[in-house]
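What follows is a short report on a single structure.
Quick note: the coordinates plus some simple rules give every number you see, no bench work behind them. Note that the structure is predicted; figures quoted are calculated from it, not measured. Please note: Cβ atoms are built from the backbone with ideal geometry, for glycine as well, and neighbour counts cover all protein chains shown.
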Amino acid sequence: MDTVTQISLQQRDKAVNWHPYTQMKTADEIIPIVKGQGLYLYDNEGKKYMDVVSSWWVTLHGHSHPYIAQRIFEQLNTLEQVIFAGFTHEPATQLSENLLQLLPDNQNKVFYSDNGSTAVEVALKMCIQYAHNQGKEKTKILAFKNAYHGDTFGAMSVSGKSYWTRPFESRLFEVVFIDTPNAENLKSLQSQIKEIADEVACFIYEPLIQGAAGMLMYNAEDLNNLMKFCREQEILMIQDEVFTGFGRTGKLFAAHYLTEKPDIMCFSKGLTGGTMPMGITTCSQTVYDAFWSDDKYKTLFHGHSFTANPLACTAALASMELLLQKETQMNIKRISQQHSEFIKILTSHPKVENARQIGTILAFDFQTGQGTSYFNEIGKKLYNEFLQRGIIMRPLGNILYLVPPYCISSEELNTVYQNILEVLDQFKD
Ligand SMILES: *Cc1c(COP(=O)(O)O)cnc(C)c1O
């Protein structure tokens, strides 16, 4: 008994666990977390951390939210799981109804899966088979340079090429990468697309902000123009709102900044308020109709064991209820306004470049004189400095960002800002 308790959780972890995006040999000591509540995570020594990255952008209302927990508990005692082929249940149906009401009015059907990457896989398969079911084979897919759509093979294929994808490069399918649109390049993008339009199965994009690439932001009007052109070329559009969905950009969905409507949308991350893994792919009636047939070979052959898991659906229902409450909407507004004020201060700091914001997401480049790269060593130093101060920020290389849960108070947010300024001064050399 004694020997067991003497082995630390870190040691036990190291013996059996393999962590994501982690070079296990050179990794720093990892931190055992024993509790989460609201904005805070607590380690095994009682130290608390402000989780201002929402645990990889998933937590919306804070950790261990009692209302979501209660709803999941009730569902757990009622129906925990049921095969979703040949059967249905209230939580999935209610969630589909509620979600569709909030989306652009051309979104008509909901397909469930397990995470952001699978939501993207489903979307890609819908588009490729959409053509196939109509007797066409479209071999090309359009995506943005620097895109990130997930880590499974299809999602990797449509993501920008990097060190991550290098070992798999020869196994990825053909994708044409284009620049994100701006006021100057629209014409050139249009002619690039026009040349191959007949062969393009779909265009997939992160709307308004490329998250994993380093919170790179671009303009709604420019995206709208590009979407309009794709619509005219009859290219299906997949809007990946895995990150931007559920209030992050200041509106419920990035779609609400746009007048053009995508054919397909992807959701995950904030979908369940960050409590349970789930992915959703929605589509228009037009897409759905291409599969609607007496011909069984026109079926969408895709599914997962846990498709539309009732617990995850219930978590999403509870989270969306909280999201639509006036108080949450006011918090989102307040965080956005506080960020705007802080940007003014940040911008004048000599170590800060390109301070930017959309809604509750704030980002800036830490000037290193070595350019921007994920493998920039400064990121690790900054990460450790913030950790010591009890703040979880996980820089993307030298790019620092905040994606706080909506429960963060204005005082807590000011504390984070103050710490950022102190750390910047400390690293001013
Ligand atoms: C995180 C992310 C994904 C992948 O989601 P996972 O749940 O991590 O597989 C896909 N698209 C975007 C835009 C993301 O930010």
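Things to note:
- For the chain, the fraction of alpha-carbon pairs in successive 20 Å shells from zero, as %: 24, 57, 18, 1
- Within a straight-line Cα-Cα reach of under 15 Å, Lys25 can be paired with the following aspartates and glutamates, leaving aside sequence neighbours fewer than 8 residues apart in one chain: Asp13.
- The stretch 68-324 - share of DSSP beta bridges that are antiparallel (%, nearest 5): 45 percent
- Listed by Cβ neighbour count within 10 Å, with the fewest neighbours leading, Cys266, Cys127 appear as Cys127, Cys266.
- Taking Cβ separations below 4.7 Å as the criterion for a possible disulfide partner, the isolated cysteines in the chain are Cys230, Cys266, Cys283, Cys313, Cys407.
- Exposure proxy ranking, count of Cβ atoms within 10 Å, fewest first, for Glu241, Glu199, Glu232: Glu232, Glu199, Glu241
- For the chain, size of Cβ-based charge dipole, Lys and Arg +1, Asp and Glu -1, in debye: 320 debye
- When each of Lys140/Lys251; Lys125/Lys269; Lys35/Lys326; Lys136/Lys194 is checked by Cα-Cα distance, pairs over 26 Å: Lys140/Lys251; Lys35/Lys326
- Helix runs (DSSP H) in the chain reaching 30 Å along axis by Cα, Kyte-Doolittle at least -1.0: 326-347
- Taking Trp18, Trp56, Trp292 as the candidate residues, the one with maximal mean-square fluctuation in a Gaussian network model of the chain, Cα springs under 10 Å, is Trp18.
- About its Cα centre, the stretch 329-429 has a charge dipole of approximately 200 debye under the convention of +1 per Lys or Arg Cβ and -1 per Asp or Glu Cβ, with nothing else charged.
- Residues whose placed amide H lies under 5 Å from that of Ile178, excluding near-sequence neighbours: Ala143, Phe144, Lys145
- Shown for Ser113, Ser55: other C-beta atoms within 10 Å of each C-beta, ranked fewest to most, produce the order Ser55, Ser113.
- When DSSP beta bridges are restricted to pairs lying wholly in the stretch 134-259, around 15% turn out antiparallel.
- Under 17 Å from Lys351, Cα to Cα: lysines that are on another chain or at least 8 residues apart: Lys380, Lys381, Lys428
- Sorting the segments 60-71, 308-319, 148-159 by their mean number of nearby beta carbons within 10 angstrom, highest to lowest, gives 308-319, 148-159, 60-71.
- Spatially proximal lysines relative to Lys187 (Cα-Cα < 19 Å; intrachain offsets below 8 disregarded): Lys145, Lys228
- Cα-centre dipole for the stretch 68-324 with unit charges at Cβ (Lys and Arg positive, Asp and Glu negative), debye to 20: 320 debye
- Under a Gaussian network description of the chain, with springs only between Cα atoms under 10 Å, the residue in Glu137, Glu184, Glu234 that fluctuates furthest is Glu184.
- Fraction of beta bridges assigned by DSSP in the chain that are antiparallel (%, nearest 5): 65 percent
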